[in-house]
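What follows is a set of notes on a single structure, which appears directly below.
Derivation of every value follows stated rules applied to the coordinates shown; laboratory data play no part. Quantities reported herein were computed from a predicted structural model and do not represent experimental measurements. With ideal geometry, Cβ positions are generated from the backbone for all residues, glycine too; neighbour counts draw on all protein chains shown.
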Amino acid sequence: MAPVTRQSGKTRRVVRRQAYLAGLSNAVYHWSRVAVQHDPVSKAKYKALRERNHTHGRALRSVADRLLAVACAMLRDGTRYDPSRATVAP
């Protein structure tokens with residue numbers, strides 16, 4: 001779901017990938033948006049990114065990347081989510 005940068009000479013634009021699952025993209029977007037509202041770690045990460053002048057979309061994608069990494073680690077290790085283990089990466 002990461003954006004793709006297309007450049008040619010003086011022109012530079014960022015576009016969405018052609019091959020993606022729209023339903024999955026929509027679900028991950030809303031997951032990260034709700035996490036920013038209710039999860040202190042996600043909220044802190046989002047706030048830090050916005051203070052560094054990242055756009056709303058870019059900050060949400062970073063939060064989504066973190067959430068997906070946590071979900072993959074939980075599946076790999078066969079564990080449940082434990083908010084006490086969560087940390088904010090700089």
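Only one of (i) 14.6; (ii) 12.7; (iii) 13.0 was calculated from the structure for Kirkwood radius over Cα pairs in Å, and its label is (i). Normalising the average separation of contacting C-alpha pairs (under 8 angstrom, six or more residues apart) by the number of residues puts the relative contact order of the chain at 22 percent. What is the Cα centroid distance between segment 35-90 and segment 1-24, reported in whole angstrom? Spelled out, the Cα-based centre of one part sits 23 Å from the other.
Shown here for the chain: chymotrypsin sites (Phe, Trp or Tyr not before Pro) in loop regions (DSSP other than H, G, I, E, B) with at most 16 other Cβ atoms within 10 Å, namely Tyr20, Tyr81.
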